[in-house]
Amino acid sequence: MPKKKSAPKAGRLSMADMRALVNKKAGQEVAHDLKESNPTEVTQWIPTGCRWLDSIICRGRLAGLPVGKVVEIAGLEGTGKSYMAVQSAANAQKMGMDVIYFDSEAAVDPGFLEASGCDLDKLLYVQATSVEMVFETIEELLATNDNQMLFILDSLANTPCEADLETDFNPQRTMAMKPRILSKVFRKITTPLANKNCTLLILNQLKTNITSNVAEAMVNPYFTPGGKGPAYAYSLRIWLTGRKSKASFILDDRGFQIGSEVKAKIKKSRFGSLHRECTYKIIWAGGEAKIMDEDSWFTAIKHSEHLNQRGAWYSINFADGTEKKFQATNWSEMLKDEKFKQRVFEIMDEEVILKFERQEGDASSFFDIDGDKTLSEE
């Protein structure tokens, strides 16, 4: 009678052996050495087109949109959500990424994309007919394309689910259908995005929180459609609102409004920068649309000890002890001087990035730009 084969004797496995065992069982690489390259670590950032905003996203460094993660930019109308997405798309292309732009609003103008720096030959435009179609397409591309990709959904609030398309206009028939779908979506695609080092940028709308609870409305004046599922999956949430002053309106020389000033607030961050704020101006009329990025640099460093004001004149101190005088109206012209521009970046990094990292100065300069302490956050 043949002898019974004994079971393999258990022994102590090394970490490398355990990783190999887990990955073999999963059929894919899911176990990683955190001291080496792994999907939890962000090593690349896509610039947003606003350097001040890039400076407040990740504690201790100049960042942008984190590659390999899910990001939300939500805002009120006229706050430049789509323009910021297009700027991010152009910057992603410069980094060698493929850009897939899902548009549910039929509002993307090819000329606008090209004027913003996008290469249309390397941008795939897709009409977002339903959330199921969008995320099934993303899932398929993640499985078949080995190149890095930036997916943009413009916008989540306006993209229907298939049930919306198949029924009448009675909202009760599909109530909570899309949030339930999205809850499942993000459980499925978050890990593949990280593993393929691809990024999903979701544009969303800020809507007024209509409630009979006055205290609740003051604490949380806005909400985003889509339910709680997406909010848990986001690594970064940026909310765009208007400034609380008439001075936030940008007028041309005849008094017509051609733009507005926007406040960007970090609503959620896995990078140590929760609730930080910055501002920038956006031009949306008068023949061009753009973020006035350079103007925001001046605002960011205005209270620095390296920038002195005497009447209408300002002066910047250089590290070698020299100084450069200028007037605010000549700011853009001064930035053409590369030495001056680099000094501005040095001061900006110190004021916005390093002082926050070292917790120096008044916290309100980082968290409460409008001085409105009555509106706390979740």
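Quick notes on this one:
- Listed by position, the helices (runs of 4 or more DSSP H) inside segment 29-115 whose residues that are modelled with pLDDT under 95 number at least 3 are 81-94, 110-115.
- Residues located in segment 228-238, provided they are modelled with pLDDT of 90 or more and surrounded by fewer than 14 Cβ atoms within 10 Å (Cβ to Cβ): Y232
- Test for N197: is it within 26 Å of S37 (Cα to Cα) and not in a helix (DSSP H, G or I): yes
- Residues that are on the phi > 0 side of the Ramachandran plot and buried (at least 18 other Cβ atoms within 10 Å of the Cβ), drawn from segment 78-110: G80
- Tally of residues being acidic (D, E) and in contact with a strand residue (DSSP E or B) (Cβ under 9 Å, 6 or more places away or on another chain) across segment 326-350: 2
- Screening M97 on (1) aliphatic (A, V, I, L, M); (2) within 15 Å of S235 (Cβ to Cβ); (3) touching a strand residue (DSSP E or B) at 6+ places or on another chain (Cβ under 6 Å) shows it passes everything except condition (2).
- Qualifying residue in segment 212-227 (condition: part of a loop (DSSP other than H, G, I, E, B), modelled with pLDDT under 90 and farther than 24 Å from L240 by Cβ): yes
- Filter result for the condition that a residue is closer than 24 Å to L236 by Cα and surrounded by fewer than 17 Cβ atoms within 10 Å (Cβ to Cβ), over E36, E29: E36
The values are calculated or read from the model by the stated rules, or taken from the named source; none is laboratory data. Treat the numbers as computed from the prediction; the structure is a model and nothing was measured. Reconstructed Cβ throughout: ideal geometry from the backbone, glycine too, with neighbour counts over all protein chains shown.
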